[in-house]
Amino acid sequence: MRKALLASLLFAAALGQAQAADGKLVLYTSQPNTDAQQTVDAFMAENPGVTVEWVRDGTPKIMAKLRAEIEAGQPQPDVLLIADIVTMEGLKKEGRLLAYPEADLTGYDETLADKDRTYFSTKLITTGIVYNIKAPFVPESWADLAKPEAKGLIAMPSPLTSGAALIHTVTLVENLPQGWDYYASLATNGAQAAGGNGDVLKAVSGGDKLFGMIVDYMPIREKAKGAPVEFVFPREGVSAVTEPVAILSTAKNPEAAKAFVDFLVSKEGQELAVKQGYIPARTDADLPAGYPDRSAIKILGFDAAAALANETANKEKFSEMMGQ
């Protein structure tokens, strides 16, 4: 009798697992369109019972859409996959994220996961220096962008419109000895802050500017396609956004959402990130072509909770420093 009961319980558990990841999953993401489609396709191949409906836009627009839905009492996404942890910290503080303490983080850099397991970083997207091969020198340090030879030749994304750029600004201010004075020196040197990372790549690869601050994968990808650019990881270190994934507390299909989180942090999900050209969150996964060894990439410290609390003040200070 006990054996029969045990077998019945095991069967029921297995059946529950088999049925867990099915139905419709709604994803809101800021991934580039191609990456988002690849991610969704790979997940559905691993979970054929799930159909993913996804909405893609930049993180600010995704959040504006979600905020409007929350205000109307009808939040639609089950899961978010967006650029930065500052946004996730805000949602966590509001109680809008579902904790997932059972997530399997084997082989995963656990320092990249929220301590309460409400969000999980899926990769490292660092910001360093891009330069055109016609540049008058090869930059090795953030300080090099303040050199007279770089005057009027520097482009950077604006933290007033880019979440990754805001994280980068705060990271440098917190870690460089000059603090905000570093940005004052860039302003004196004619650095222009406008738009996003794509605008920086266009300006530097086209030769309108010869130096820029930019996320790593863009110039590395474009160099492989023949663009006249190189990317540098400055010796002081780099900032990083981590494209975290989180389950909404209002998720209509939390089991499928958990399966999506599991896939992204799994070996298979992390190998997909590598194929897409990103530094994976798992330490047992290789880096993409064009990147140095992981040990050569120094990630600077960043306090997401403090950045969230000081977001408005940091934006105002940047505007003051850069004359915007």
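Quick look at the numbers
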read-out: Selected residue [closer than 19 Å to ALA135 by Cα and at pLDDT 95 or above] from LYS252, LYS223; value: LYS223
read-out: Residue within the stretch 206-227 that is buried (at least 17 other Cβ atoms within 10 Å of the Cβ), of a type in the set (D, E, K, R), in contact with a strand residue (DSSP E or B) (Cβ under 7 Å, 6 or more places away or on another chain) and not in a helix (DSSP H, G or I) present; value: yes
read-out: Single condition THR283 does not satisfy, out of (1) out of contact with any Gly (no Cβ under 8 Å at 6 or more places or on another chain); (2) among the polar types (S, T, N, Q); (3) not assigned by TED's automatic domain parsing to the domain that holds THR161; value: (1)
read-out: Tabulated pairs, the stretch 150-165, first under 23 Å from GLN31 (Cβ atoms) and touching a residue at least 60 places away in the same chain (Cβ under 8 Å), second in a strand (DSSP E or B) and among the aliphatic types (A, V, I, L, M), C-beta under 6 angstrom, 6+ apart or interchain; value: SER158/ALA193; ALA164/VAL241
read-out: Yes/no for LEU80 being assigned to a strand (DSSP E or B) and either surrounded by 15 or more Cβ atoms within 10 Å (Cβ to Cβ) or modelled with pLDDT under 95 (or both); value: yes
read-out: Matching option when the condition is in contact with a helix residue (DSSP H, G or I) (Cβ under 6 Å, 6 or more places away or on another chain), assigned to a strand (DSSP E or B) and in contact (Cβ under 8 Å) with a residue 12 or more places away in the chain, among VAL86, VAL52; value: VAL52
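The values are calculated or read from the model by the stated rules, or taken from the named source; none is laboratory data. This one's a predicted model, so the numbers in the text were calculated from it and none came from an experiment. Reconstructed Cβ throughout: ideal geometry from the backbone, glycine too, with neighbour counts over all protein chains shown.
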